[in-house]
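Single-structure report; data block below.
Derivation of every value follows stated rules applied to the coordinates shown; laboratory data play no part. Small disclaimer: the values here were computed from a predicted structure and weren't measured. No Cβ is skipped: glycine too gets one built from the backbone with ideal geometry, and neighbour counts run over all protein chains shown.
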Amino acid sequence: MIRIAVPKERAAREARVALVPESVAKLVKSGATVSVERDAGLAAGFTDANYVTAGATIAADLAAVLTDATLVCKVQPPSVSEVAALPAAATLICYLAQAGSAETITALAGRKVNALALEKVPRITRAQSMDVLSSQATVSGYKAVLIGATALPKMLPMLTTAAGTLAPAKIFVIGAGVAGLQAIATAKRLGGIVSGFDVRPAAQEQIASLGGTPLKIDLGHSAEGSGGYAKEQAEDDAIKTQHAIAKHVEQVDLIITTAAIPGRKAPLLITEDAIKGMKPGSVIIDLACETGGNAAFTKPGETVVAHDVSIIGPLNLPSQASFHASQMLSRNFLTLITHLTKDNALVLDASDEITGAMLVALDGQVRA
Ligand SMILES: NC(=O)c1ccc[n+]([C@@H]2O[C@H](COP(=O)([O-])OP(=O)(O)OC[C@H]3O[C@@H](n4cnc5c(N)ncnc54)[C@H](O)[C@@H]3O)[C@@H](O)[C@H]2O)c1
């Protein structure tokens, strides 16, 4: 039988929970037991009573929730004390591929805890329902627009009032992946005039289908790499792109930028010159802030004002819509756990395309 533990998240700025009551009920029905640490779901809007109704038991503290667990479901990587409290031979699933995670993975392997990194789910159709990067990027794209709309000294929609007609704000979204497309849809719903840019030619149609106008930068060739992902631009292409963006943003009020290349530093797309050319009071929300930023001046977790433009680098936006972010995360966990379960037991088959890609520690060994 699988004994699942859901500890309370202790990291700063983390309001999500790994499993919500809806998924707990399904896991209990399938034969697992689920123990939830007291108040683990409270910051996301789920009470202990909700978990009990779903069939979970409530544990008083970290030690109690982890006792006897065979599977520990968490959001953030475990702290040193959490690692020390994990039972040997248990399996841990959480975010584990961030900068600084290597030490934690070594410590987990040292305690013979098996570990799967949520971010390493392969981006293949079969694994789409387990893909936390996509589910959480949806929240980030949505929230980025709301933060930008609040910071802007303008309203987004066109308004016809007795005091005159107000022009709609112009929003430009760079990087039309999961977060970017959600940002385009959200900005459009709020009544802004939206444009978007991505180096992948396929993205142009997706930008247009959401009511955005694709910014076309003719480089004479495609920047699409393998598996539909973007590849890093050559230096002269990058410079041409920066110039085209600089010209476009002279008329823009709010930029949401999300451009990323898997495993690489984020490309610099909005240079200081581009920022100098923007209207005073304009706002940039840089969702790539944790991997180096797409804009000059970006600082993770800070708002920098340069040349009268606010450059905001928000951290952990999914946590700011913790109810729905947890709900999606929990559904990702549920399909992943189902994938790992055979005859009511966890099976960590490193030769499986999904399991093998996510396993970072197995049987006391760190896996590259
Ligand atoms: N399970 C799946 O099959 C699955 C899941 C999620 C995403 N995807 C696909 O993966 C691709 C990337 O999506 P993502 O949300 O992970 O993206 P991401 O978060 O890795 O990057 C965001 C976007 O930035 C773009 N970008 C990179 N360099 C850029 C530059 N210099 N200028 C402008 N834009 C730039 C990328 O093309 C991407 O669209 C998309 O094709 C998406 O449909 C597939």
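A few comments on the model shown:
- Counting 0.36 nm for each residue step from Val52 to Thr161 and taking away their Cα separation leaves a gain of 34.0 nm.
- A straight Cα-to-Cα reach below 17 Å connects Lys231 with the lysines Lys240, Lys265, residues fewer than 8 places away in its own chain not being considered.
- Residues listed by number, region 91-134, amide nitrogen under 11 Å from Gln365 label point at 7 Å toward C-beta: none
- Remark: for residue pairs Lys8/Lys342; Lys29/Lys112; Lys120/Lys154, the C-alpha separation exceeds 31 Å in Lys120/Lys154.
- Taking Ala11, Ala179, Ala97 as the candidate residues, the one with maximal mean-square fluctuation in a Gaussian network model of the chain, Cα springs under 10 Å, is Ala11.
- Simple Cβ-charge dipole of region 297-368, Lys/Arg +1 and Asp/Glu -1, about Cα centre, in debye nearest 20: 140 debye
- In terms of its Cα atoms, region 326-368 spans 32, 24, 18 Å along the principal axes, sorted from long to short.
- For region 92-161, the average shadow cast by the Cα convex hull is 7.9 nm², which is a quarter of the hull's surface.
- Sum of side-chain charges, Val80 neighbourhood, beta-carbon under 12 Å (Lys, Arg +1; Asp, Glu -1): 0
- Here the chain has an Rg and Dmax of 22.2, 71 Å, counting Cα atoms alone.
- The protection proxy used here, the mean number of other Cβ atoms lying within 10 Å of each residue, ranks peptides 186-198, 142-154, 76-88 as follows, highest first: 186-198, 142-154, 76-88.
- Electrostatic dipole magnitude of region 152-315 [Cβ: Lys, Arg +1; Asp, Glu -1; Cα centre; debye, to 20]: 400 debye
- Between the beta carbons of Leu219 and Gln98, assuming R0 = 30 Å, the FRET efficiency works out to 0.40 to the nearest 0.05.
- Full extension of the chain between Arg13 and Lys112 yields a length gain of 32.7 nm, computed as 0.36 nm times the residue separation minus the alpha carbon distance.
- Taking Leu181, Leu159 and counting other C-beta atoms within 10 Å, the order from fewest to most: Leu159, Leu181
- Cα-only Debye scattering, region 16-174: base-10 log of I(q)/I(0) at q = 0.11 Å⁻¹: -0.61
- Most mobile of Val347, Val199, Val17 in a GNM of the chain (Cα contacts under 10 Å): Val347
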